[in-house]
Amino acid sequence: MEPSEPPSGQTETATETPGARFSRKARRARLYLYAGAAIVLLICLIALVLANTGRVKVSWVFGSSLVSLVWLVLFAAILGLLLGMVIGAFFHWRTRRPRD
């Protein structure tokens with residue numbers, strides 16, 4: 001082994017440029033922001049569940065049933081999300097650029 005080589009398993013550490021350091025710290029800040037937003041949304045969801053535990057009558061085409069209000073709200077939100085995704089995909093498919 002030559003004296004100028006680092007010991008095996010160790011490499012020279014490259015110095016981080018100021019731009020790379022800023023980028024790394026900005027990425028970390030965004031991750032903390034996303035985590036904080038997720039926690040806030042989870043707290044709102046828990047508050048929604050706790051505030052809407054009552055049962056309501058839902059009239060269907062061929063009858064009715066009693067369901068918890070929170071399940072009705074969550075079902076409507078999920079159904080709206082799925083329908084929005086399907087309609088968005090359909091519009092994207094119908095308006096895409098023609099193939100050659």
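Coordinate-derived values only; no laboratory data. This is a predicted model, so every value here is computed, not measured. Heads up, the Cβs are rebuilt from the backbone with ideal geometry, glycines too, and the neighbour counts pull from every protein chain shown.
Connecting C-alpha atoms closer than 10 Å in a GNM of the chain, tell me which of Val58, Val86, Val49 has the biggest fluctuation. In this elastic network of the chain, the residue with the biggest mean-square fluctuation among Val58, Val86, Val49 is Val86.
Could you work out the local net charge near Thr17, counting Lys and Arg as +1, Asp and Glu as -1, over the other residues with Cβ closer than 14 Å to its Cβ?
Local net charge: +2.
Compared with the dominant principal axis of the Cα atoms in the chain, helix 69-94 is inclined by about 70°. Nearest 10 degrees is fine. How inclined is helix 18-51 to the longest principal axis of the chain, computing both from alpha carbons? Rounded to the nearest ten degrees, it is 20. Among residues other than Leu66 with Cβ under 15 Å from its Cβ, the summed charge is +2 (Lys and Arg +1, Asp and Glu -1). Once divided by 2.2 N^0.38 Å, the Cα radius of gyration of the chain becomes 2.14.
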